[in-house]
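First up is the structure itself, then whatever we jot down about it.
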Amino acid sequence: MSQSQNASYDASTIQVLKGLEAVRRRPGMYVGGTDIKALHHLIYEVVDNAIDEALAGACDRIEIVIHPDQSVTVSDNGRGIPVDIHPETGSSALEVVMTTLHAGGKFGGGGYKVSGGLHGVGVSAVNALSEWCEVKVKRGGKVYRQRYARGYPQTPVEVVGKAPKGETGTSVTFKFDAEIFKGGLKYKYETLVQRFREMAFVTRGVTIYFRDERSDREMTFYFEGGIRSFVHYLNRNRQALHPIVYAGREINNISIEFALQYTAAFTESVYAFANTINTIDGGTHLTGMRSAITRTLNDYARKAGLLKDSDPNFTGDDTREGLTAIVSIKHPDPQFESQTKVKLMNPEVQTYTAQVVSEALSTFLEENPSAAKAIVQKCLTSARARSAARKARDLVIRKSALESLTLPGKLADCSERDPSKAELYIVEGESAGGSAKQGRDRHFQAILPLRGKILNTERARLDKILSNNEIKALISALGTGIGEEFSLENLRYHRIIIMTDADVDGSHIRTLLLTFFFRYMTPLIEQGHLYIAQPPLYRIAYKNKVHYAYTEADRERILQEIGNGAKIHLQRYKGLGEMNPQQLWETTMDPQTRTLLQVTIDDAAEADQVFSMLMGSEVPPRRRFIQTHASEVRNLDI
Ligand code: 0RA
């Protein structure tokens, strides 16, 4: 008897060791790598466990604290990890959960209905990848504690105190193992904030408190309205056309909720979540919602006589302009396409989601005729614009086929024909364009001057954008085509550099250009081809030496260095046009001395927000943004 118990104890111990070693040997398999993303994943994995407690109705507060040494504490007021002796292994359940792969939610049979963890490896994988880890559990009036190093228990499960009456919960503190996560990685506050905000939106009623002791910043998220609050938040700078439509239902143990609202904007902001995870590649929940919206709007518009017999049905695209929507499902057994691509695959979810959305949306349309009319009107305008855009685009494409060899007249091209060595400067204004043409190295630097303000691409539509002369010149100079016809292979310059004045107009034009590239040539940004030039703010001449200051701090430093009483000539550059060609070359264009800021898309969703705010039809938020960020515009990086 005791023999066989020993045997099973040994066998399971060996299994535990093997499991922990496997995680340490191949972290990629368990947390998706050893980079910053994987590092954030460690935190998410523990928070997901706490969210599971919240989804089970056992927890309403989660706290995450990053300590100065980059150790992290995640605490919750859930039931607390069980601590009783596990009959098969003879060890505490707490130790089993912390050291055995996949022992999380499934432990004890009953477990929970849904599990948030994408990889579902649980807190044991985090433990295995931590230099040290400490877990404390409040349960049954006591506080239990165990410590680990690289996943191995260093202490038994000990009672270290009394828990206040009725209080339960789990608190995990871990320090990632720098032998595995190499290169001085640091958690990024903004990325974590965004994720916790999303988690709080889709887990209504839970409070998520986040503190970063490294920088003394903190945030608390609590959303009474759940995903309705989410839609409200996304539309905070847009003009809504009607109240938010919402429904939530449970079908066959799968919970489905959605919220939607149309706005006067032209862009679509739709996000899909499965078990609180942002499924960026969509999946069956998203498809279900989209098809239901299109079908329901078509049915309603026909019945209400808003679509005539001769009109074609709205396409999916027609019903997406100005749409802000969230779909969030919770499934006991979610199937994802793969570990990295976040896409929900469960087929039944499509049917159920479509059912929930159709029912709720058609009821809303019946009961709110004026809202219904506004929505259908928006779709009609969008359908008309799309057909106009198609015609305009066909025209442009046909024309550009004829003109494919003719580059725009304003372009001063370079002689280099290898795109990887060629640069294009997009320069604001004819006079600065003139200086740039004279100052450049014509072997590899091409100049395209842009006159005045190009179109505001957020408010304008594709058909208008394509017929704008400045944009046409830009598209044909780049050689890539646009939108669906966009092809990065044909890019004629691998460095595209936006060079504008360091003033408000310059920053506006730069934002317009960034909007255009973001909306219509996204891969060009993603592949790192877009840059912003950094012209100096001041020229400081002293005796026969000239210094350039690129920031106010630069200016202070240079003036200090020169010292008092000196005969200094200080010139503030109000525009690029004030520099002669030689100066422009030295300060802003010479690869040996210039600074370029590379434009990145760190987070398309956040960029979408900034663009709508800067460009959208709502004026006050734009003014506020420009005012509060005026001192930072030099580092505008979307
Ligand atoms: C196993 C079983 C139960 C809860 C947990 C694990 C649990 C894990 C973590 C990790 C962080 N916070 C957590 N909270 C709970 C179910 C407990 C029960 O049924 O009483």
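The values are calculated or read from the model by the stated rules, or taken from the named source; none is laboratory data. Everything numeric in this text was worked out from a predicted model, so none of it was measured. Please note: Cβ atoms are built from the backbone with ideal geometry, for glycine as well, and neighbour counts cover all protein chains shown. Accessible surface areas use protein heavy atoms only, side chains included; no ligands, DNA or RNA. Shrake-Rupley method; radii C 1.70, N 1.55, O 1.52, S 1.80 Å.
Details
- Under 10 Å, Cβ to Cβ, from residue 160 - net charge with Lys/Arg +1 and Asp/Glu -1: +3
- Residues of type lysines that residue 391 reaches as a straight line, Cα spacing below 17 Å, ignoring anything fewer than 8 places off in the same chain: 399, 464, 472
- Three-way shape call for segment 121-277 based on the alpha-carbon gyration tensor, with the a/c threshold at 1.5: prolate
- Across 175/330; 37/175; 175/343; 545/567; 136/182, pairs whose alpha-carbon gap is larger than 23 Å: 175/330; 175/343; 136/182
- Ignoring aspartates and glutamates fewer than eight residues from residue 421 along the same chain, the ones with Cα atoms less than 17 angstrom from its Cα are 413, 441, 489, 590.
- Net charge of Cβ neighbours under 9 Å - reference residue 47; Lys, Arg +1; Asp, Glu -1: -2
- Summing charges over all other residues whose Cβ lies under 10 Å from the Cβ of residue 319, with Lys and Arg as +1 and Asp and Glu as -1, gives 0.
- In terms of packing, defined here as the mean over residues of other Cβ atoms within 10 angstrom, the peptides 469-479, 367-377 line up highest first as 469-479, 367-377.
- Note, ³J(HN,Hα) from phi for segment 512-529, Karplus 6.51, -1.76, 1.60, rounded to Hz, x at Gly and Pro: 4, 5, 4, 4, 4, 5, 5, 6, 10, 9, 3, x, 5, 6, 4, 7, x, 8
- The heavy atoms of residue 29 offer some 100 square angstrom of accessible surface to a 1.4 angstrom probe.
- Cα shape, segment 227-311, gyration tensor, a/c 1.5 rule: oblate
- Anisotropy class of segment 493-546 from Cα gyration tensor, a/c 1.5 cut: oblate
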